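Notes to accompany the following structure.
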Amino acid sequence: MSSSITLDSQLTYIKGIGPVLGQALASLGIITVKDLIYYAPRRYEDFSNLVEIKDFRPGLISTKLIINNVVGRYVRNGLHITEALGSDETGSVKLIWFNQPYRQKSIKTGVNYYVSGKFELSSRRFSIMNPALELESDFPIVTNAILPVYKVNKNISVNQIRRSIRNVFNQVDQIEDFMPSDLIKKTKIENLTTALRNLHFPESIEDLDKAKYRLSFDEIFSLTLVSLKNRDLLKKNHSSIVEFNSALAQKFVGLLPFKLTNSQREVIWRIYQDLEHDLPMNRLLEGDVGSGKTVVALMAALMVMNKKWQTVFLAPTEVLARQHYETITKLLAQLNLESKVDLLVGSMTKKQKELVKDRLKSNEILLVVGTHALLEEDVKLNNLAFLIVDEQHRFGVEQRKKLQVNSTKIPHLLTLSATPIPRSLALTFFGELSISRLSEKPNETTQVETKVVSETNINSVYDVIKKEMTLGHQVFVVCPLIIKSNIGQSKNDVNSIYNELTRLFPKFRLGLMHGKLPAKEKEAVMRQFVRHELDLIVSTTVIEVGVDVPNATVMAIFNSDSFGLAQLHQLRGRIGRSDLKSYCFFIGDDDITKNERIKSLVKLNNGFELAEIDLKMRGPGAFFGLSQHGLTDLKFVEFSDLSFIRSVKAVAQQFFETGELQKYKQLNNKVNQLSSIKTLD
């Protein structure tokens, strides 16, 4: 391989990879040599302990078989089954795959395969269910019996990724270890080059564990330093001191149509204490669906308004911004403050926008609600003291500065999140934030009746949908895909389901929404649904955050097992928002009724408990919205291992307190790249 190749070299120009394979790798986000070296396996196939058929026992097994008699067929409701016969010198066994029709053409008969899967009872006979296969001839020549399995798509195979990594792996020596050598020695972690080699080519489970430990250590250590640095930088800024007005708070609470929960009282008191200091507040407020986050945020804003200073409330969508605006003006009308509140969103006319901007500039408006378009518009605020941001956990000083005019002080920040974030995730990723939770609900609405339904019983769901629409109620139908997948035979994309439901319910008004629609079209469809100009909406998960439609009584979610529990719980939270009886259906294949993870949704209605279950079972990528915060970029951390996270954070804390971060260029550069907060000029 040419010595001119560097870590930044693009793969399309490398001999042995080239333009076609390079483009296929690019479809996975792998562009450079370094990207490829750091592409983490999602799991491993351990063929180091092969078992002959005569010694099979129920459970996970690895074996070597010759495969023959491959047959595929469709059964009820489009379910595809592929069956084959595997044999060795001691006997034979049936292999079964569900919804993997490509297996029939891809399996080569009469040759040796390494097979790994679950040996279990199926139709009164023990078989290996949905096994992974590796051709013996494809087994890496130089490596051992532990094979990495990488995430792939229709453009590329696992073996192509393995060969590509082997092709460039000599360049791993160019990667400089950013960890200080004395720290490596002190913590007894492996050097980075060895860890990366054992990540892709482990010779034993012990070597693999050491590699994962080192790479997990890197992630937690680096993020902890980022949080500590962010916190220190924030301390160098100053905010306005907002005094607590007890009489105003008591008057507002007395006018509320409901009683505050204990957790709301505790959280608002902590926020009031934050506001009374010139150190900028940086608090994340987590609350399950219906826990009353908006009221808490408004009670904080009320103290700022009392000082004649301004508050900006940012929402992720225009529909949600309008709903927040309506809620806030209704609550403040009782204090005759509704005239001090206004809305600024993209769909308003130029004349309407200019009027709002003028009122903001003159300090006539003390609280403005809008989308992140507020950051782009030519908005001049008179005296911004408080910023409320919905569902955007990483909102740094630089973004606050965009809203800041005529002030040397930085606004206090309160971030709201309806996504239940497990403690270990919060501990790892949001260490620079103070975190509060609302664990109760002030207005307990009707309990949602939750059922797990196989697609063979889909008509029972359609019967409920028709009944509810006939009663004048509304329905959400959620699908995981915008277009039909090339893999498997799933019909459950939004277009197919929309067409099916249009045929079934010709007398009702149906709408279609998904992420590829232009923003204005999505907003228009959602507004139609909110105004009850539509009876049913078929959508991807873009309807998930915040939207409030009290008349909606049914949520039907296809392919539910492809979603995280926190995400499913969020979707369920879109209904049951009034005293109307409501129904949530988690729909999947025949096996979904046996799925313990999905069944936990029937038993539990607490988002935080469900999030903890999902974290242990699926990892951090299961949580809605977390991709925007870089959580799914973390490939190695086991978030259920709190003791490990705490121990690494302690090492990072001790290192940070030495003040020597600047001495280590590689580490300091890494921390600066990850950091989301800079000082105010």
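Using the structure shown, decide if residue 326 is touching a Leu at 6+ places or on another chain (Cβ under 6 Å) and free of Cβ contacts under 8 Å to residues at least 24 places away in the same chain.
Judged against the criteria, residue 326 is not a match.
Of the residues that make up the range 405-426, is at least one open to solvent by 10 Å² or more (accessible area, probe 1.4 Å), farther than 19 Å from residue 238 by Cα and at pLDDT below 80?
Within the range 405-426, one or more residues are open to solvent by 10 Å² or more (accessible area, probe 1.4 Å), farther than 19 Å from residue 238 by Cα and at pLDDT below 80.
Got a sec? Which of 246, 216, 239, 227 is within 30 Å of residue 285 (Cβ to Cβ) and in contact with a Leu (Cβ under 8 Å, 6 or more places away or on another chain)?
It is 239.
Are any of the residues in the range 168-183 more than 24 Å from residue 33 (Cβ to Cβ) and surrounded by 16 or more Cβ atoms within 10 Å (Cβ to Cβ)?
yes
For the range 450-481, give me each residue that is of a type in the set (D, E, K, R), open to solvent by less than 90 Å² (accessible area, probe 1.4 Å) and at pLDDT 95 or above.
Correct list: 468 only.
In the range 592-613, which residues are surrounded by fewer than 17 Cβ atoms within 10 Å (Cβ to Cβ) and either in contact with a His (Cβ under 9 Å, 6 or more places away or on another chain) or outside any helix (DSSP H, G or I) (or both)?
The answer is 595, 604, 606.
Could you list, in sequence order, all residues of the range 138-151 that are modelled with pLDDT of 80 or more and either open to solvent by 30 Å² or more (accessible area, probe 1.4 Å) or aliphatic (A, V, I, L, M) (or both)?
146, 147, 149, 151 - these are the residues of the range 138-151 that are modelled with pLDDT of 80 or more and either open to solvent by 30 Å² or more (accessible area, probe 1.4 Å) or aliphatic (A, V, I, L, M) (or both).
Only one of these is modelled with pLDDT of 80 or more and open to solvent by 40 Å² or more (accessible area, probe 1.4 Å): 516, 484, 522. Name it.
Just one listed residue meets the conditions, 522.
Only one of 233, 279 is at pLDDT below 90, under 28 Å from residue 408 (Cα atoms), open to solvent by 20 Å² or more (accessible area, probe 1.4 Å) and of a type outside the set (Lys, Arg); which?
That would be 233, the only listed residue that is at pLDDT below 90, under 28 Å from residue 408 (Cα atoms), open to solvent by 20 Å² or more (accessible area, probe 1.4 Å) and of a type outside the set (Lys, Arg).
What number of residues in the range 31-81 are touching a strand residue (DSSP E or B) at 6+ places or on another chain (Cβ under 9 Å), aliphatic (A, V, I, L, M) and under 20 Å from residue 167 (Cβ atoms)?
Residues in the range 31-81 being touching a strand residue (DSSP E or B) at 6+ places or on another chain (Cβ under 9 Å), aliphatic (A, V, I, L, M) and under 20 Å from residue 167 (Cβ atoms): 3 in total.
In the range 285-313, which residues are part of a helix (DSSP H, G or I), open to solvent by 20 Å² or more (accessible area, probe 1.4 Å) and farther than 30 Å from residue 571 by Cβ?
306
For residue 211, are the conditions met, namely being exposed (fewer than 14 other Cβ atoms within 10 Å of the Cβ) and either of a type in the set (A, V, I, L, M, F, W, C) or at pLDDT below 95 (or both)?
No, not satisfied.
Of the conditions (1) assigned to a strand (DSSP E or B); (2) open to solvent by less than 30 Å² (accessible area, probe 1.4 Å); (3) of a type outside the set (S, T, N, Q), residue 64 fails just one. Which one is it?
(2) is the only condition that residue 64 fails.
Being buried (at least 22 other Cβ atoms within 10 Å of the Cβ) and assigned to a helix (DSSP H, G or I) is true for just one of 556, 566. Which residue is that?
One residue alone meets the criteria, 566.
Name every residue in the range 349-375 that is within 32 Å of the chain's Cα centre (by Cα) and either at pLDDT below 90 or assigned to a loop (DSSP other than H, G, I, E, B) (or both), in order of residue number.
Matches in the range 349-375: 371, 372, 373, 374, 375.
Is there any pair linking a residue in the range 9-20 that is on the phi < 0 side of the Ramachandran plot and open to solvent by less than 90 Å² (accessible area, probe 1.4 Å) to one that is in a loop (DSSP other than H, G, I, E, B) and among the β-branched types (Val, Ile, Thr), with Cβ under 8 Å and at least six apart or on different chains, and which?
Partner pairs satisfying both residue conditions: 11/17; 11/30; 11/31; 14/5.
Give me a count of the residues in the range 532-553 that are buried (at least 23 other Cβ atoms within 10 Å of the Cβ) and either acidic (Asp, Glu) or more than 15 Å from residue 289 (Cβ to Cβ) (or both).
So the answer is 5.
Could you say which residue among 342, 278, 378 is among the acidic types (Asp, Glu), touching a residue at least 12 places away in the same chain (Cβ under 8 Å) and within 21 Å of residue 239 (Cα to Cα)?
Answer to the selection: 278.
Which condition does residue 154 not pass, out of (1) modelled with pLDDT under 85; (2) open to solvent by less than 50 Å² (accessible area, probe 1.4 Å), if it passes all the others?
Failed condition: (2).
Of all residues in the range 332-348, which are more than 20 Å from residue 530 (Cα to Cα) and either outside any loop (DSSP other than H, G, I, E, B) or open to solvent by 70 Å² or more (accessible area, probe 1.4 Å) (or both)?
332, 333, 334, 335, 336, 338, 339, 340, 341, 342
I want to confirm something. Restricting to the range 184-208 and keeping residues that are in a loop (DSSP other than H, G, I, E, B) and not aliphatic (A, V, I, L, M), which single residue is surrounded by the fewest Cβ atoms within 10 Å (Cβ to Cβ)?
Filtering first and then ranking leaves 188.
The values are calculated or read from the model by the stated rules, or taken from the named source; none is laboratory data. A quick note: this is a predicted structure, and the numbers were derived from the prediction, not measured. Ideal geometry is used to build each Cβ from the backbone, glycine not excepted, and the neighbour counts take in all protein chains shown. For accessibility, only protein heavy atoms count, side chains too; no ligands or nucleic acids. Shrake-Rupley method; radii C 1.70, N 1.55, O 1.52, S 1.80 Å.
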